[in-house]
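The values are calculated or read from the model by the stated rules, or taken from the named source; none is laboratory data. Not measured: the values here are computed from a predicted model. All Cβ positions, glycine included, derive from the backbone under ideal geometry; neighbour counts span all protein chains shown. The area values use the complete protein model at the heavy-atom level, side chains included, leaving out ligands, DNA and RNA. Shrake-Rupley method; radii C 1.70, N 1.55, O 1.52, S 1.80 Å.
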Amino acid sequence: MLNRLYLEVALLCRPGHDRNVRLLLEDRSLHHDILTQLDELTGALEKHMLHNDAWHFWQLGVYAERQPD
């Protein structure tokens with residue numbers, strides 16, 4: 001799941017794809033796809049990941065990202 005998200009974004013970031021990325025961002029489909037895949041990842045982690053130190057580290061990152069600048 002995480003690899004698919006990375007590969008899709010990396011593919012769009014290759015040189016010469018600026019116009020395609022701009023079009024995807026304008027119609028919000030890239031934004032929607034990224035948020036959907038991140039929601040899938042979060043759901044999978046909540047369901048299957050042991051609630052040990054790694055899970056707590058993940059939660060720390062989630063809450064750090066939510067803090068306003």
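Axis of helix 2-12 versus longest Cα principal axis of the chain: the two differ by about 20°, to the nearest ten degrees. Against the chain, whose longest principal axis is taken from its Cα atoms, helix 29-48 shows a tilt of about 20°. Taking Glu65, Glu8, Glu26 and ordering them by how much accessible surface each has at a 1.4 Å probe, largest first, produces Glu65, Glu26, Glu8.
Averaged per residue, the chain has 87 square angstrom of accessible surface, using a 1.4 angstrom probe with ligands and nucleic acids left out.
Enclosing the Cα atoms of the chain in their convex hull gives a volume equal to 113 cubic angstrom per residue. The residue list Trp55, Pro15, Leu38 was ranked by how far each Cα lies along the charge dipole of the chain toward its positive end, using unit charges on Cβ atoms, and Pro15 comes out on top.
The modelled label-to-label distance for the pair Asp33/Asp18, using points 7 Å beyond Cα in the direction of Cβ, is 2.1 nm. The portion of the accessible surface of the range 20-69 made up by carbon and sulfur, rounded to a whole percent, is 59 (1.4 Å probe; DNA, RNA and ligands excluded).
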